[in-house]
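Novice: Structure incoming, see below.
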Amino acid sequence: MQLIEVSRTVMKEVLDLQEGEEVLIITNPGEVLGISLSLFHAAKELRAKPTVMIQDVKETLDYAERSVLGALNSEPDVVISISEKKFGKDPYGLNIGYIGRDNKKYSHLFEKLLWGDKRIRAFWSPGIDVYMYLRAVPIDYARLRVEASVLAQILDRGEEVHITSEKGTDLWINIKGRKALKDDGDFRKPGRGGNIPAGEVFISPTLRKSEGTIVFDGTLGLGGKSILPEKPVRVEVEEGFVRRIKGGKDAEKLENAIRDAEKRALEMGKEEFARNSWNLGELGIGLNPKAIMSGKLLEDEKLRNTVHIAIGANYDNDAPALNHFDCLIMNPTVEVDEERIMEKGRFLIF
């Protein structure tokens with residue numbers, strides 16, 4: 001399959017792009033530019049109005065270019081980020097903040113337009129490569145949306161999730177009052193967005209109520225890069241915060257990445273951001289049938305036999321932080337209010 005064929009699928013099935021709609025594609029030089037140009041041409045075939053903007057590669061704590069944020073402020077119908085690492089942070093959002101039409105505060109203009117105002121629809125693909133795009137993007141989106149809906153409904157009515165694994169994970173995550181989000185490739189209406197490749201359901205843990213032990217034995221996200229740990233990384237969680245990290249040099253890399261985000265937040269005078277650098281920000285469950293362990297978090301977190309836990313900012317915007325580090329647990333057993341939905345990485349609900 002060629003890039004343009006996959007991009008046609010994205011424009012039609014994922015975005016439902018219409019004639020005359022404005023599409024802003026933010027990208028970097030290198031391999032990702034080819035993917036971006038294929039999306040440009042697929043949009044042109046549908047008689048839309050695409051624009052490609054190329055900025056330097058951005059690390060986790062780097063700012064996006066002012067011109068990129070200015071283009072975003074024009075409120076195009078669709079925004080796409082095809083980046084080698086990250087889109088880039090928003091200095092105004094971090095230091096002052098945006099208030100969306102939902103009266104919530106957002107630290108990035110992109111998030112305000114997408115979730116706060118529901119003026120755009122979007123997807124973002126940090127760390128994507130051509131092989132991943134060709135393999136894990138052309139999937140059965142109808143089936144993915146059904147499975148994601150079933151899983152989201154279970155989480156929505158749940159209050160507590162218990163995750164265990166043979167490597168030693170024994171974690172209790174409180175989700176009472178939280179609502180699950182679906183990265184199901186249905187970005188056809190304003191206010192909807194997620195990753196490409198798609199394929200996960202995720203939820204923000206209730207603040208300060210998760211307890212237990214996590215053993216990460218899959219990919220560790222460290223912001224702009226990810227690593228496969230040589231030995232499992234053990235993380236102790238108390239009152240919703242990471243308190244201790246053990247497990248050799250890879251554990252040190254994770255801890256140092258968190259401390260870097262904490263230090264940057266303190267330098268900015270953002271004590272709340274610094275404190276939340278250690279927050280349990282997300283529980284995610286993978287659903288993509290074609291995802292493989294590639295060492296790139298964008299794909300690895302979509303693996304069907306995994307769950308991932310993020311350290312840092314959450315998706316309910318009540319625990320802001322500069323970091324959001326997703327890390328994987330392989331072949332877990334997952335129970336929601338004592339209902340077992342996954343056993344040793346195998347789904348029991350569909």
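The values are calculated or read from the model by the stated rules, or taken from the named source; none is laboratory data. All values derive from a computational prediction rather than experimental measurement. As a convention, Cβ positions derive from the backbone with ideal geometry for all residues, glycine included, and neighbour counts pool all protein chains shown. All accessible areas refer to the heavy atoms of the entire protein, side chains included, with ligands and DNA or RNA removed. Shrake-Rupley method; radii C 1.70, N 1.55, O 1.52, S 1.80 Å.
Novice: Normalising by the residue count of region 3-133, find the relative contact order in percent from Cα pairs under 8 Å and 6+ residues apart.
Specialist: Once normalised by length, the contact order is 26 percent.
Novice: Estimate the FRET efficiency between GLU252 and LYS118 by the formula 1/(1 + (r/R0)^6), using the beta-carbon distance for r and 45 Å for R0, to the nearest 0.05.
Specialist: Working from the Cβ atoms, E equals 0.60.
Novice: With +1 on each Lys and Arg Cβ and -1 on each Asp and Glu Cβ, how big is the dipole of the chain about its Cα centre, in debye rounded to the nearest 20?
Specialist: Charge dipole of the chain: 360 debye, to the nearest 20.
Novice: Of the residues ILE309, ILE128, ILE154, which exhibits the maximal mean-square fluctuation in a Gaussian network model of the chain defined by a 10 Å Cα contact cut-off?
Specialist: Most flexible of the set in this elastic network: ILE154.
Novice: With the crude spin-label approximation of a point 7 Å out along Cα→Cβ, what separation in nm comes out for GLU230 versus ASN95?
Specialist: 4.2 nm
Novice: Let me ask you something else. Roughly how many Å² is the accessible area per residue of the chain, as a whole number, for a 1.4 Å probe?
Specialist: On a per-residue basis, 42 Å².
Novice: Which of LYS104/LYS263; LYS112/LYS182; LYS209/LYS344 have a Cα-Cα distance over 20 Å?
Specialist: Beyond 20 Å between Cα atoms: LYS104/LYS263; LYS209/LYS344.
Novice: Exposed loop GluC sites (Glu not before Pro) only (DSSP loop, at most 15 other Cβ atoms within 10 Å): please give the longest stretch of the chain free of them, not including the sites.
Specialist: Value returned for the longest uninterrupted segment is 60-158.
Novice: Moving to a separate point now. Can you work out the Karplus-derived ³J(HN,Hα) for every residue in region 229-243? Use 6.51 cos²θ - 1.76 cosθ + 1.60 with θ = phi - 60°, whole Hz, and x for glycine or proline.
Specialist: Residue by residue, region 229-243 yields x, 5, 9, x, 9, 9, 10, 9, 10, 9, 6, x, 10, 6, 10 Hz.
Novice: How do ARG208, ARG178, ARG8, ARG346 rank by accessible surface area computed with a 1.4 Å probe, from largest to smallest?
Specialist: ARG346, ARG208, ARG8, ARG178
Novice: Within region 25-69, what residues put their amide N at less than 15 Å from the label point 7 Å along the Cα-to-Cβ vector of TYR131?
Specialist: Flagged as within label range: 31-32.
Novice: Between rounded, prolate and oblate, where does region 220-271 land on the alpha carbon gyration tensor, with a ≥ b ≥ c its root eigenvalues, rounded for a/c under 1.5, else prolate if a/b exceeds b/c?
Specialist: Oblate, because a/c is 1.5 or more while a/b does not exceed b/c.
Novice: Separate question: Relative to the present Cα-Cα distance, how much length would full extension add between VAL57 and VAL150 at 0.36 nm per residue of separation?
Specialist: Contour length minus Cα-Cα distance gives 29.7 nm.
Novice: Between region 56-129 and region 200-265, what's the alpha-carbon centroid distance in Å?
Specialist: Between the Cα centres of region 56-129 and region 200-265 lies a distance of 25 Å.
Novice: Considering only protein heavy atoms and a probe of 1.4 Å, how much of the accessible area of region 168-306 is carbon and sulfur, as a whole percent?
Specialist: 46 percent
Novice: Taking a ≥ b ≥ c as the square roots of the eigenvalues of the Cα gyration tensor of region 16-102, is the shape rounded (a/c under 1.5), prolate (a/b larger than b/c) or oblate?
Specialist: oblate
Novice: Ok, one more. Let me make sure I get this right: for region 168-250, a, b and c are the square roots of the gyration tensor eigenvalues over alpha carbons, sorted descending. Under 1.5 in a/c it's rounded, otherwise prolate if a/b > b/c, else oblate. Which is it?
Specialist: It is oblate, given that a/c is not under 1.5 and a/b is not larger than b/c.
Novice: Give me the net charge for the shell around PRO229: Cβ to Cβ below 10 angstrom, other residues only, Lys and Arg +1, Asp and Glu -1.
Specialist: 0
Novice: Let me ask another. Expressed as a rounded percentage, what relative contact order does the chain have, with Cα pairs under 8 Å and six or more residues apart?
Specialist: Here the relative contact order equals 14 percent.
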